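To start, the structure under review is shown below, and the notes come after it.
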Number of protein chains: 2
Amino acid sequence: MTTARPGSAVLRPDVLGRRRRADRARQVAEVIRRQIDRGDFPQGHLPDERELGAEFGMSRNTIREALELLRGEGLIERVPGLGTRVSTEKYAHPLDHLRGLAETMRPYGGITNEVRTAGPIRPPRSVADRLRLPAGSPVIYLERLRRLDGLPLSVDLTYLVPEIGEQLIAHDLRNRDVFGLIEQICGQPLGTAEVTLEAVNADAHSAAMLGLPLGGAMLVAERFTRLADGSPVDLEFLRFRGDRMTMNTVLHRPAREDRR
Amino acid sequence: MTTARPGSAVLRPDVLGRRRRADRARQVAEVIRRQIDRGDFPQGHLPDERELGAEFGMSRNTIREALELLRGEGLIERVPGLGTRVSTEKYAHPLDHLRGLAETMRPYGGITNEVRTAGPIRPPRSVADRLRLPAGSPVIYLERLRRLDGLPLSVDLTYLVPEIGEQLIAHDLRNRDVFGLIEQICGQPLGTAEVTLEAVNADAHSAAMLGLPLGGAMLVAERFTRLADGSPVDLEFLRFRGDRMTMNTVLHRPAREDRR
C-alpha cells in the first residue's frame, strides 16, 4: 500500500480543469437527477442555466449539456422562454420491507391493475422447482399491467401455487394487491421474499405497453415470495418504467469478521 | 370485493391460447434471463429451440422470438450450427450489507480502478448539505472507472468530506475500495448507507466508457454513507453496466400494524 505524498493531488488544481466537458456534464446531471427524485425543485422548476452554472462552478455550455442528458432520460422538459421543468414524477419504492405495489404507492395515488391474462398453465421446470411443485403440476399464471393514477408503471408476470392461485383469480384483481389476497386466502401472513433487480432495455412490445420509447430503460425485478411458514407461494417477474420509479434501501456495515 | 364464480378463470383454458406471441415470448424470456443469471445452463449452453419449446409448452416461433429478446439485451449469442450461448456473465451484488465493490466481487475476480479524476472541488449546495459541510467548504471529488478482470463494470463519482478525502486520495486507489481506506483513515468502521437504485439509458459518453451500446440500460445507484458515529462521509453516484450486474436482497413482511 502506498501512502507517499499525502495530499499531493490536492495541490494540483488543474487536474479537474482539464477534464472533458462530457465528464463534467455527467457529474452535474447525476446530482440534478437525484434532486429531481427528491423533489428539491419547487413546483418542478429548475433554476436557469446561469444560476446552475454558478451553483456547480461550471460553464453554461456544460450545464446545457447536463440538462440535455436529463432531457434524454425523459426527466425534464425544456420550454423556450419558460425554462426547464420536471416532466415525470418519480416514485420511491422502499426495499426495506415486503409490500405490494398498491400498499407501497398509497401515498402517491391509486394503483389499478389491468388483468391481461389469468389462468392455469403448465410451468417450465425452473418455475415448478422454485415453487416446490411436482413435475406436471399446473400453476396459476397472471399477467397484469399496473397503472398509477392511470399512467402505466409496471407489467407483472405472476406464477402462483395452484391451490392458492385458483382461489385468488376468482377475486377482484383490478384494485387489490396479490399479497393481501394471498394472506386472506391462506389465513397466514407472508414471510420473506428474495428480490433481484436488473436494468434492461425495453423491447418494442414492453415499450408499447408501458408507454416508453423503444429501448427505454426498465427496472426489472424478480420477486420470489414465501409464506410465514416458509412454503413458496408466488414467483413474479416485474418490469417497471425506469423513468417513474426508484428503489431505496438502507445498508448496514457488517462486523469486520463477517465481511467476506 | 367480488368473490363470485370461484375458479371460473380456471375453466377457460382458451384464455392463455389467445394471447399475442409477443406476450408469450416475453413470458419465456423473463424466465430464461433469470436462469442465465443463476448459472442454470451447464457451460453456458442453452437447450435448442425444440427442447425449449417442449419445456415451456410454446411454439418454436415463440421460443425464437424470446431468444431474440435476450440477444437484444446482450445476454446470449446465437451461433448458426453451434446453438445459443450465454455471452456475458452477470454478477450478483447483495444488497444485504454495506460492502465495497472489490469486497463484494472477490468471489468473481479482481477489481481494478482507473482513477480519472481526484482532487478538491467546491461542491454544489445539495452535495455540501448532505455531507453536512458549511457553504464554501471544499470536498474531495473522485472519479473512477472500475473493471472486473479487465472488463468495465461501473463508473463511480465520489464526493468525500475534505479531512478524510485529502488523506484518502494520497493512497493507492487502483486496487482498493474507498470504504476500507475510509475506515483505516478514521480508525472507526462505517455505519450505514442510504442506497437508491434506478434504471437509466446510457448516453454516448457513458456507453463509450462502459463498453455498452448507445442507450444500453445502466443500473444507476446513489449511495450516501455515514460513519458508525453517524457523521456523513461519502456521497457516491454509481453507473453499472446493466448486462453485467444484478442487485439482490431479501425482504421481510412487516407486522400488519406497520404496513402503512
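Observations on the model:
- Matching residues, segment B:213-238, being at the interface with chain A (Cβ under 8 Å from one of its Cβ atoms), in contact (Cβ under 8 Å) with a residue 40 or more places away in the chain and more than 22 Å from B:Arg71 (Cα to Cα): B:Ala228, B:Phe237
- Residue in segment B:204-218 that is under 27 Å from A:Arg253 (Cβ atoms) and of a type in the set (A, V, I, L, M, F, W, C) present: yes
- Taken as a whole, the condition of being in contact (Cβ under 8 Å) with a residue 24 or more places away in the chain and out of contact with any Leu (no Cβ under 7 Å at 6 or more places or on another chain) does not apply to A:Glu163.
- Within segment A:186-212, tally of residues that are facing chain B (nearest Cβ under 7 Å) and touching a residue at least 12 places away in the same chain (Cβ under 8 Å): 14
Listed here are the residues, each with its yes/no results for (1) farther than 30 Å from A:Arg18 by Cα; (2) assigned by TED's automatic domain parsing to the domain that holds B:Arg223.
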position: B:Glu73; (1), (2): yes, no
position: B:Glu77; (1), (2): yes, no
position: B:Gly81; (1), (2): yes, no
position: B:Asp96; (1), (2): yes, yes
position: B:Ala102; (1), (2): no, yes
position: B:Tyr108; (1), (2): yes, yes
position: B:Arg116; (1), (2): no, yes
position: B:Gly119; (1), (2): no, yes
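- Complete set of residues in segment B:137-181 that are of a type in the set (Gly, Ala, Ser), under 21 Å from B:Phe224 (Cβ atoms) and in contact with a helix residue (DSSP H, G or I) (Cβ under 8 Å, 6 or more places away or on another chain): B:Ser137, B:Ser154, B:Gly180
- Within segment B:130-157, the set of residues being assigned to a loop (DSSP other than H, G, I, E, B), more than 12 Å from chain A (Cβ to nearest Cβ), among the aliphatic types (A, V, I, L, M) and over 21 Å from B:Glu194 (Cβ atoms) is empty.
- Any hit, segment B:77-94, residues being of a type in the set (S, T, N, Q), within 30 Å of A:Val250 (Cα to Cα) and in contact with an Asp or Glu (Cβ under 8 Å, 6 or more places away or on another chain): yes
- Spans of strands (runs of 3 or more DSSP E) in segment B:59-129 with at least 3 residues surrounded by fewer than 18 Cβ atoms within 10 Å (Cβ to Cβ) and free of Cβ contacts under 8 Å to residues at least 12 places away in the same chain: B:76-79
- Residue in segment B:67-75 that is in contact with a helix residue (DSSP H, G or I) (Cβ under 8 Å, 6 or more places away or on another chain) and more than 23 Å from A:Ala221 (Cα to Cα) present: no
- Residues satisfying the criterion are absent from segment A:222-232 (criterion: modelled with pLDDT of 95 or more, assigned by TED's automatic domain parsing to the domain that holds A:His97 and over 26 Å from A:Asp129 (Cβ atoms)).
- Residue check for B:Thr84: in contact with a His (Cβ under 8 Å, 6 or more places away or on another chain), away from every other protein chain (no Cβ under 11 Å) and either among the hydroxyl-bearing types (Ser, Thr, Tyr) or over 30 Å from B:Asp156 (Cα atoms) (or both): yes
- Enumerated strands (runs of 3 or more DSSP E) restricted to segment B:159-260, each holding at least 2 residues that are buried (at least 18 other Cβ atoms within 10 Å of the Cβ) and basic (Lys, Arg): B:217-227, B:232-241
- Here the condition is being more than 13 Å from the chain's Cα centre (by Cα), more than 30 Å from B:Asp234 (Cβ to Cβ) and at pLDDT below 95; of A:Gln167, A:Gln188, it holds for A:Gln188 alone.
- Here A:Gly109 passes the criteria (1) among the small types (Gly, Ala, Ser); (2) within 25 Å of B:Ala29 (Cα to Cα); (3) more than 9 Å from chain B (Cβ to nearest Cβ) except the one numbered (2).
- Residue under evaluation A:Thr246, criteria (1) within 12 Å of the chain's Cα centre (by Cα); (2) modelled with pLDDT of 95 or more, criterion not met: (2)
- Residue within segment A:14-29 that is surrounded by 15 or more Cβ atoms within 10 Å (Cβ to Cβ), away from chain B (no Cβ under 11 Å), within 31 Å of the chain's Cα centre (by Cα) and at pLDDT 95 or above present: no
- Among residues of segment B:79-118, those that are at pLDDT below 90 and among the basic types (Lys, Arg), counted: 3
- Set A:Glu68, A:Glu55: member being of a type outside the set (Ser, Thr, Tyr), within 12 Å of another protein chain (Cβ to nearest Cβ) and under 16 Å from A:His45 (Cβ atoms): A:Glu55
The values are calculated or read from the model by the stated rules, or taken from the named source; none is laboratory data. Just so we're clear, the structure is a prediction, and the values are computed from it rather than from any experiment. A quick note on method: Cβ atoms are made from the backbone with ideal geometry, for glycine too, and the neighbour counts reach across all protein chains shown.
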